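Take a look at the structure set out below.
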Amino acid sequence: MMTGRGGGQPAADGGLARHIPVLGGPAVEFLNVRDGGVYIDATFGAGGYSRLVLTAANCNVIGIDRDQRAIAAGFDLVSRAEGRLVLVEDRFSNLEGVARSCGYDAVDGVVLDVGVSSMQLDEAARGFSFRLDGPLDMRMGSAGPSAADLVARASERDLSMIISTLGEERHARAVARAIVRSRDEAPIETTGALADIVSRVVHARPGQIHPATRTFQALRIFVNEELHELAAALDAAERVLRPGGRLVVVSFHSLEDRIVKSFLTARGRRSAGSRHAPEAVQAPASFRILTGRPVVADEKEIAANPRARSAKLRAAERTDAPAGADISDELLPRLPSLAEVMTARRTS
């Protein structure tokens, strides 16, 4: 954990303060930031949302990131916030436990910016991007199997399922087959090597996305268990938000947005009694949905940051109803877990 002391304002320039997050303005508006409030920036990254929240009111922010480098890079913003920002290295699925460890049983807002950050994509050594040749890693943290471990160990069937489901790649079988054939000849250890393998079986016309885009996306999501993390974080946010507290989620992938939408739809309506027990008391909704349709970036923001094109923001306000039963497993696509894939007997 890293904290500052005192009670000043973060600077408007220098260091992380220059980072402008996607849909930052609408995110802070939906959070309804107020003086004295406590907010969780559960995907701290380069500190963009934290800076905007700290600037909006005399409040406190807990920043969470599983990437040790993001936490270390946040030292300058912590110093400038002078006691109003605490950074914790952890998974955002554990945001409830992090809040309690910081002395808060309930908070006034939670914001999540789901997916890989620009600074991770731009660092070749992290192995997230096919644009920059580097070790095939893709881990947001430092623990667990890397993407190289996954492509070396997973069966052709599992690779095909992962790439098809999480990358929505219609050539997933051919890609998985090509990976297995290539690894039998030599280990696949770099992003460039994997991109070349995929490009041999997936062909893109000029102006289309790179042939390896969907495969890299799928492997990254799977290695970091991103969808499991998101579903668990939504449940955790429901438990830790006080009545009137706000949940804001910005996603960049259709599967992520589907999970958020399904969760809020389930929590935003009263549970109906069945025809077998029509007199059963209905459970009240635990969230009031604030975005009938997702908020998207305008043309100006997209021009300044093309990554914003695929961003969707959904927001909801916590009611005083009790949190519902954990439904995280119900929100996820049917795939073997990372542990199951890595411990299964490898088949070519």
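Confirm whether Ala325 is among the aliphatic types (A, V, I, L, M) and either within 30 Å of Ala148 (Cα to Cα) or outside any strand (DSSP E or B) (or both). Against the criterion (among the aliphatic types (A, V, I, L, M) and either within 30 Å of Ala148 (Cα to Cα) or outside any strand (DSSP E or B) (or both)), Ala325 qualifies. Can you tell me which residue among Arg239, Arg181, Arg214 is at pLDDT 95 or above, open to solvent by 40 Å² or more (accessible area, probe 1.4 Å) and in contact with an Asp or Glu (Cβ under 7 Å, 6 or more places away or on another chain)? Of the residues listed, the single one that is at pLDDT 95 or above, open to solvent by 40 Å² or more (accessible area, probe 1.4 Å) and in contact with an Asp or Glu (Cβ under 7 Å, 6 or more places away or on another chain) is Arg239. Contact map, the stretch 170-185: first residue farther than 12 Å from Arg214 by Cβ, second residue open to solvent by 90 Å² or more (accessible area, probe 1.4 Å), Cβ cut-off under 7 Å, separation 6 or more or different chains; pairs are Ala178/Arg200.
Residues satisfying the criterion are present in the stretch 269-277 (criterion: open to solvent by less than 50 Å² (accessible area, probe 1.4 Å), among the hydrophobic types (A, V, I, L, M, F, W, C), assigned to a loop (DSSP other than H, G, I, E, B) and modelled with pLDDT under 95). Out of Gly36, Gly15, one residue alone is at pLDDT 50 or above and surrounded by fewer than 19 Cβ atoms within 10 Å (Cβ to Cβ). It is Gly36. Might you let me know whether the stretch 332-347 holds any residue that is modelled with pLDDT of 95 or more, surrounded by fewer than 17 Cβ atoms within 10 Å (Cβ to Cβ) and within 17 Å of the chain's Cα centre (by Cα)? Checked against the condition, which is being modelled with pLDDT of 95 or more, surrounded by fewer than 17 Cβ atoms within 10 Å (Cβ to Cβ) and within 17 Å of the chain's Cα centre (by Cα), the stretch 332-347 yields no hits at all.
Residues that are at pLDDT 95 or above and hydroxyl-bearing (Ser, Thr, Tyr) were ranked within the stretch 94-122; the one that is surrounded by the fewest Cβ atoms within 10 Å (Cβ to Cβ) is Ser101.
The values are calculated or read from the model by the stated rules, or taken from the named source; none is laboratory data. Treat the numbers as computed from the prediction; the structure is a model and nothing was measured. Every residue, glycine among them, receives a Cβ derived from its backbone with ideal geometry; neighbour counts consider all protein chains shown. The area values use the complete protein model at the heavy-atom level, side chains included, leaving out ligands, DNA and RNA. Shrake-Rupley method; radii C 1.70, N 1.55, O 1.52, S 1.80 Å.
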